[in-house]
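First comes the structure, then the notes that go with it.
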Amino acid sequence: MKLKYILLLIPLLMLTSCFDILDKINIKADGSGDYTLILNASKSKTRIASMSKMETVNGKKVPKRSEIEAKINQAAQIFKTTPGISNVKTSLDFDSYIIKLSCSFKKIENINAGLEQLKTKNIIGKMVPTNMYSQNLQKKTFTRNKVNTFKEDYNKLGTADKEVFATAKYVSVMQFENTVKSQTNSAYQLSPNKKAMKLEGNVLDFILQKKQLQNNIIFQ
């Protein structure tokens, strides 16, 4: 499975390097919360609109609008049937090319299970990490788990495929009902009230592990 499939399989967005990925988690004191994933290619909407009229780009088939809608609907249906996940919503803006998936969960590990189901159904690639989060309410800890490097896979890509990641951005936002006491990854910016943190950077930095996603958070 090539590196271009480490993200949700939305090929039309992945044909351009100017896109942003935002994942956002809101965690309540009891461990339940809300999860949102947004793929935003609005900066490239003119280019994408032109590409959408073509059959192939750089040797890759350009998906039709109906195919993108079907893929998103399939992902939503899988999340809806994952235990612990509810209130699943999707939106597709084909004017600005913004795709959004959101849901609520009883515990953060439900999101891991949902991602694993997406992998099983080939909605995301086999190399996509699914054991992303864990939480221990008794120990007052929340963990963003370590993921494997994709450096070797990236180095095997052709020039056109590498360009996909040239200016792509990734932002992770985590909000908590509890107050953060400490964390192990200072790359995450902690809010003044110590109830939210943000990590951002180029997608390529995370692929090559110049920046780490892993973080162990302890609450007061």
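With Cα atoms as the point set, the radius of gyration and Dmax of the stretch 63-109 evaluate to 12.0, 36 Å. Between residue 212 and residue 29, full extension at 0.36 nm per residue minus the direct alpha carbon distance yields a gain of 63.3 nm. The simple spin-label model puts a point 7 Å past each Cα toward its Cβ; for residue 191 and residue 91 those points are separated by 2.0 nm. Using the empirical formula 2.2 N^0.38 Å as the baseline, the Cα radius of gyration of the stretch 103-190 reaches a ratio of 1.34. In order along the stretch 170-181, the Karplus-derived 3J(HN,Hα) couplings, from 6.51 cos²θ - 1.76 cosθ + 1.60 at θ = phi - 60°, round to 10, 10, 10, 10, 10, 10, 10, 7, 8, 8, 6, 8 Hz, and Gly and Pro are given as x. Backbone phi angles across the stretch 189-197, fed through the Karplus curve with coefficients 6.51, -1.76 and 1.60 (θ = phi - 60°), yield HN-Hα couplings of 7, 8, 5, x, 8, 6, 10, 7, 8 Hz in residue order; Gly and Pro are listed as x.
Counted by Cβ distance under 15 Å from residue 149, the other residues give a net charge of +2, where Lys and Arg count +1 and Asp and Glu count -1.
Near residue 24: Cβ cut-off under 11 Å, other residues only, Lys/Arg at +1 and Asp/Glu at -1. The net charge is 0.
The numbers here are math on the coordinates, done by the rules we state, and not lab data. This structure is a prediction, so every number in the text was calculated from the model and none was measured. Don't worry about glycine lacking a Cβ; one is built from the backbone with ideal geometry, like all the others, and counts go over all protein chains shown.
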